[in-house]
Amino acid sequence: MDESSVLKEKENLERERKGSLFVLILTIVVLLMHTVLFYPFANRAEPFVMGLPFSIFWTVLWICIEFVGLVVAYELEFKRR
């Protein structure tokens, strides 16, 4: 292996680590938003947001945020391969 391929492999490993850390932090944040810490704040039927009770809107919002975050992590990790 020449020096450039070794350097490229190190960059790929570093990018994978950063992507994995981002996904781990994102998952922890989303889980915290649905557990004992923050969900009682959102656990109410009123007000309605986009026709949904606030608690359902809160859940759908964080599912969408996690989806976008996972797409971003995928793009960052596999974009340069």
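The values are calculated or read from the model by the stated rules, or taken from the named source; none is laboratory data. Because the structure is a prediction, the values reported are computed rather than measured. Don't worry about glycine lacking a Cβ; one is built from the backbone with ideal geometry, like all the others, and counts go over all protein chains shown.
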(request) Could you tell me which numbered condition PHE67 fails, if it satisfies all but one of (1) modelled with pLDDT under 80; (2) closer than 19 Å to LYS79 by Cα? (result) (1)
(request) Looking for whichever is within 16 Å of the chain's Cα centre (by Cα) and surrounded by 14 or more Cβ atoms within 10 Å (Cβ to Cβ) here; the options are LEU61, LEU21, LEU32. Which one fits? (result) LEU61
